[in-house]
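Below is one structure; the comments refer to it alone.
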Amino acid sequence: MVDISTTLASLDLKNPFMLASGIMDEDAGSIIRIMNAGAGAVVTKSIGLHPRPGYPNPTCIETECGFLNAMGLPNPGVKEYLEELSQLSSRKIPVICSIYGASAQEFAELAQQITSESVDAFELNLSCPHAKCYGLETGSDPALVKSITSSVIKNTSLPVFVKLSPNVTNIVELALAAEHAGASGIVAINTVKAMAINIEVQQPILANSIGGYSGKAIKPIGVRCVYEITQKVSIPVIGVGGITTVQDAIEYFMAGATAVQVGSALYSQGLEVFSQLTEALQSWMKDHGVLNIAEIIGVAHP
Ligand code: RRO
């Protein structure tokens with residue numbers, strides 16, 4: 001029997017396939033469905049201190065090779081979301097709460113309000129590509145990454161993962177800033193800043209004009225980021241971006257990822273994607289004589 005379990009700080013995952021933030025994770029009902037579908041862990045929609053309606057439609061479109069979204073951080077705010085989390089009667093798998101804020105102080109307040117009763121870890125969204133004052137606007141400055149990460153760590157005993165953007169010159173210096181601040185791991189990558197234009201009306205399609213690109217097309221960007229980060233940091237890195245098949249996931253593991261997140265693939269493959277990936281990974285490992293997933297993590301490094 002091959003071993004596909006993996007460990008991220010104090011979190012034990014029965015398999016390395018996590019739900020990425022922002023897909024089917026706005027309410028307890030959807031999260032329970034993901035848990036029952038066989039995911040190794042789930043990450044929630046990014047939650048802030050106050051409710052946000054998000055941007056007007058269109059907020060998400062399918063393009064030639066992926067999806068383009070500018071949802072605009074829609075969420076009910078921390079108070080209401082805690083009620084959703086309280087409906088997850090038993091957490092069969094780790095639940096990681098994605099949080100966003102405009103300052104270290106806002107992140108600290110969220111970490112104080114969301115306790116270990118509700119979740120098992122935090123993912124800091126320092127990478128949304130199109131939200132003014134949030135995400136990438138804070139996550140492209142190593143000093144801010146360090147101060148935000150430290151402020152969360154001071155206010156929680158839970159593991160803290162930092163989700164970074166590929167839309168920067170040097171993702172490694174941002175990962176190092178998070179590691180030096182005491183992060184338990186890095187999540188790479190968020191969506192790639194992009195846009196599409198309707199040539200008949202001669203206007204951008206998304207209401208926000210600019211959005212984030214996800215799906216198969218961004219996989220090589222994600223793999224490159226994971227590879228570069230794992231050359232320099234020693235905390236675990238979670239790979240995300242364009243994973244639809246087990247071969248995609250294995251590429252991320254070989255680049256150095258300890259686990260991976262799946263998002264856009266849910267649109268095409270449905271909830272079965274988690275059990276399909278798990279079974280396919282087990283058969284691939286058997287066929288290749290790999291007994292433990294740890295044997296392939298980072299093997300592509302010189
Ligand atoms: O809500 C969004 O528009 C969004 C977020 Br928070 C994010 O992190 N990445 C993305 O592509 N969209």
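The values are calculated or read from the model by the stated rules, or taken from the named source; none is laboratory data. Bear in mind that the values here come from a model prediction, so they are computed numbers and not experimental data. Glycine also receives a Cβ, built like all others from the backbone with ideal geometry; neighbour counts cover every protein chain displayed.
Points to keep in mind about this one:
- Verdict on ALA131 being out of contact with any Cys (no Cβ under 7 Å at 6 or more places or on another chain) and within 11 Å of the ligand (Cβ to nearest atom): yes
- Tally, over segment 81-128, of residues that are assigned to a strand (DSSP E or B) and either among the aliphatic types (A, V, I, L, M) or at pLDDT below 95 (or both): 5
- Close pairs (7 angstrom Cβ cut-off, 6 or more residues apart or separate chains): over 9 Å from ASN69 (Cβ atoms) in segment 206-220, hydroxyl-bearing (Ser, Thr, Tyr) anywhere: ALA207/TYR55; ALA207/THR59; ASN208/TYR55; GLY215/SER264; LYS216/THR244
- Only one entry in ILE23, ILE61 is within 16 Å of the ligand (Cβ to nearest atom), among the β-branched types (Val, Ile, Thr) and in a loop (DSSP other than H, G, I, E, B), namely ILE23.
- When restricted to residues that are in a helix (DSSP H, G or I) and buried (at least 23 other Cβ atoms within 10 Å of the Cβ), segment 152-170 contains 1.
- Filtered residues of segment 224-260 (kept if of a type in the set (Ser, Thr, Tyr) and more than 16 Å from the chain's Cα centre (by Cα)): TYR227, THR230, SER234, THR245
- Condition met for ILE229 (crowded, with 24+ Cβ neighbours inside 10 Å, modelled with pLDDT of 95 or more and outside any helix (DSSP H, G or I)): no
- Matching residues, segment 235-260, being among the charged types (D, E, K, R) and in a strand (DSSP E or B): none
- Subset of segment 26-57 (residues that are within 12 Å of the ligand (Cβ to nearest atom), modelled with pLDDT of 95 or more and in a loop (DSSP other than H, G, I, E, B)): THR44, LYS45, SER46, GLY48, PRO53, GLY54, TYR55
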